[in-house]
1. Taking B:D100 as the residue in question, decide whether it is within 14 Å of chain A (Cβ to nearest Cβ) and either in a helix (DSSP H, G or I) or at pLDDT below 95 (or both).
2. Checking A:L49 against (1) part of a loop (DSSP other than H, G, I, E, B); (2) within 14 Å of another protein chain (Cβ to nearest Cβ); (3) crowded, with 22+ Cβ neighbours inside 10 Å, which test does it fail?
3. Within region B:71-92, can you find the residues that are crowded, with 23+ Cβ neighbours inside 10 Å and in contact with a Ser or Thr (Cβ under 8 Å, 6 or more places away or on another chain)?
4. Go through region A:45-60 and give me each residue that's of a type in the set (A, V, I, L, M, F, W, C) and in contact (Cβ under 8 Å) with a residue 60 or more places away in the chain.
5. Step by step: first the residues of region B:244-264, then only those that are surrounded by fewer than 17 Cβ atoms within 10 Å (Cβ to Cβ) and free of Cβ contacts under 8 Å to residues at least 60 places away in the same chain, then the one that is farthest from B:P313 (Cα to Cα). Which residue is that?
6. Checking the conditions here, which among A:A305, A:A224, A:A298 is part of a helix (DSSP H, G or I) and touching a strand residue (DSSP E or B) at 6+ places or on another chain (Cβ under 7 Å)?
7. Does region A:23-68 hold any residues that are within 21 Å of the chain's Cα centre (by Cα) and β-branched (V, I, T), and which are they?
Amino acid sequence: MPPITDLREMYIDMVTARHYEERLQEEYLEGKQPAFDISAGPIPGELHLAAGHEASGAGVCQHLRDDDTVTAPHRPHHVAIAKGVDLKRMTAEIFGRESGLCKGKGGHMHLFDPDVNFACSGIIAEGCPPAAGAGLAAKKRNSDSVAVAFLGEGAIDQGAFLESLNFAAVHDLPVVFVIEDNDWAISMPKERVTDLENGARRADGFEMPGIRVDQDDAVAVYEAAAEAVGRARDRNGPTLMEVQVHRRMGHFMGDAEGYRPETDQEAALERDSIERMAAHLRAHGLDDETIDDLREEAHERVEAAIAWAKEQPEPDPGAAHEDVWVNPPSGVTDSEPAFDLAGGDD
Amino acid sequence: MSEQVQAVERDLTMSRAMVEAIADEMRADEEVFYMGEDVADYGGIFDSTEGLREEFGYDRIMDVPISETAYLGAAVGAAQAGMRPIAELMFVDFFGVAMDQIYNQMAKNTYMSGGSVSVPMVLTAAVGGTYNDAAQHSQTLYGTFAHLPGMKVVVPSTAYEAKGLMHNAIRDDDPVVYLFHKRLMGIGWLPAPDGPKTPVPETDYTIPFGRADVKREGEDVTIVTLGLHVHRALDAAEQLAADGIDAEVVDLRSLVPLDTDTVVESVEKTGNLVVVDEDYRSYGVTGEIVASVADEALGALDAVERLALPDVPIPYARPMEQAVVPGVEDITAAVERTQG
């Protein structure tokens, strides 16, 4: 069982992430009702919320340091929160504001916080190769930092994932791949696209350990991740984990989920990993009042981040032209050295 | 022209028209089938297959794993085996995952085989921005596909075009890339402008590839464009008309083959060329159109303007996205610059 300090931190990450997603949902729908228009309202673009995924982010990231790298997919907020991404600037980014993490250029699927080595990408499984690359850099530099790639169960049929498993395995890279299995790849139930109930078995073909955590219990995730991250940190190579989570909301806001049986939705809502975590805290002697206080503080932090984000200015339209380059090609700035290219005598 | 012209009174959204053509072809030919992510029960994220699974079942409207290399490559293989697959990339931006199958196999196998192999497939993909989906989900990439030899590339701008181009795409013996703009489809959660919902004949019909359509006739300037920007150009033309400038709007409809004749004919009449594109500026559609006109009718050109995305990835925040995607005002301003 994790020490109480870890349990408390995981609980805080989880209630922060849950409240964050529920509040973003409210903010997002403003201006999009009664007729839903994805391009209206204060939060631009698509929004993929991770309510129901909290146990995975919290349980894994509890073992990580700022110098460890995390890549996340298009449903990234709970992982970002657990990794310690700046909540205010992340929120400002999601609202498309100038002081956002990426100055409003990236948005919710493309968040970058180099201070804690966090990045996410909107293309399925495409965070796996860069995570392997971060592991490669750690290995070459004899550092004990590790890299973790989060992906959904829909991503395990993607070449970028399978190639990364092999690459990490053959080079013994300090990488952990974490599949978050929420049963649904947009409208596709897992069994219709993958002939494999336990995604962690993808590890078998690469002679890599594979661990499945088949309940969304942050403590069980924590214990599995202790083994996987520890193995990476001790330079014993990569591990594949799969964590059963649940999708409490649609694939994206605006997804009516017409394909999803109501019973499945109801079952997801009943599987509450946060209540389970609170029970762990109680078992460790925390009283309800203390737990309520932790939750209240987390909610206040979320509210403060959203309020701050909404006060931030929108970017200047002209800023769209900046940041393509670190070293902007501004014409001829360097002189070219002169050589005698006439060749030799012979 | 002796044929009787029939009045058509039924209006369809672009997605309904596209689906109608696919359904007609599937009824007529057992060898036509559709593969893609979320195309069966969901009906396509952008309604590209809405209702087809109900009629044709899971075997012919196939949901696939998120494995673009595998299923796009499988479409190539099935096409070479003589079937007529339609394979959908949910967002054209995802082409990067599977480009080898697209440009090294689908596009080249006919040529590399000396013509002994054909690849009669359609690659459909949703394109375009204007709803703040940022750099990985907003591109059109028109120029990328048109640049690489071996693919026919078509871009419907209305329901009428969507149906006729789809019929032709499925019947064509070569690979056809069919790029439909999300903003034009008439999806509930992404409202379309008025233009793309048009009368659509119930009978099947084909629109030949390489035939541009003059959407508005005018004397003073030629605006050449495609996709969403056909509608923005038409709006701009209405505003310009109020200022006494008479703009002709040419909808390319197909990039490969390209109907240079219609463009040149128009420019020879107006003397001024404005090309409007939702793809990147450099090495793209605008440059190609201007170069093609210059090749054929340099003397006819009095003024040239290009409007396209500047060479930056598409930003997320609304003010920045609006700044980089050409708008109606950008078009009127460009046209006015040609009238000096």
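1. Details: within 14 Å of chain A (Cβ to nearest Cβ): yes; either in a helix (DSSP H, G or I) or at pLDDT below 95 (or both): yes.
Yes, satisfied.
2. Unmet for A:L49, out of (1) part of a loop (DSSP other than H, G, I, E, B); (2) within 14 Å of another protein chain (Cβ to nearest Cβ); (3) crowded, with 22+ Cβ neighbours inside 10 Å: (2).
3. Answer for region B:71-92, where residues must be crowded, with 23+ Cβ neighbours inside 10 Å and in contact with a Ser or Thr (Cβ under 8 Å, 6 or more places away or on another chain): B:A79, B:I86, B:A87, B:E88, B:L89, B:V92.
4. Those that are of a type in the set (A, V, I, L, M, F, W, C) and in contact (Cβ under 8 Å) with a residue 60 or more places away in the chain: A:L47, A:L49, A:A51, A:A55, A:A58, A:V60.
5. For region B:244-264, the residue satisfying everything is B:G244.
6. None of the other options fit; the residue is A:A224.
7. Within region A:23-68, A:I43, A:V60 qualify.
Here is a yes/no grid of residues against (1) farther than 27 Å from A:R141 by Cα; (2) away from every other protein chain (no Cβ under 14 Å); (3) among the acidic types (D, E):
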| site | (1), (2), (3) |
| --- | --- |
| A:A200 | yes, yes, no |
| A:A203 | no, yes, no |
| A:D217 | yes, yes, yes |
| A:A228 | no, yes, no |
| A:G237 | no, yes, no |
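The values are calculated or read from the model by the stated rules, or taken from the named source; none is laboratory data. Values in this document were obtained by computation on a predicted structure and should not be read as measured data. Positions of Cβ are generated from backbone atoms using ideal geometry, with glycine treated the same way; all protein chains shown enter the neighbour counts.
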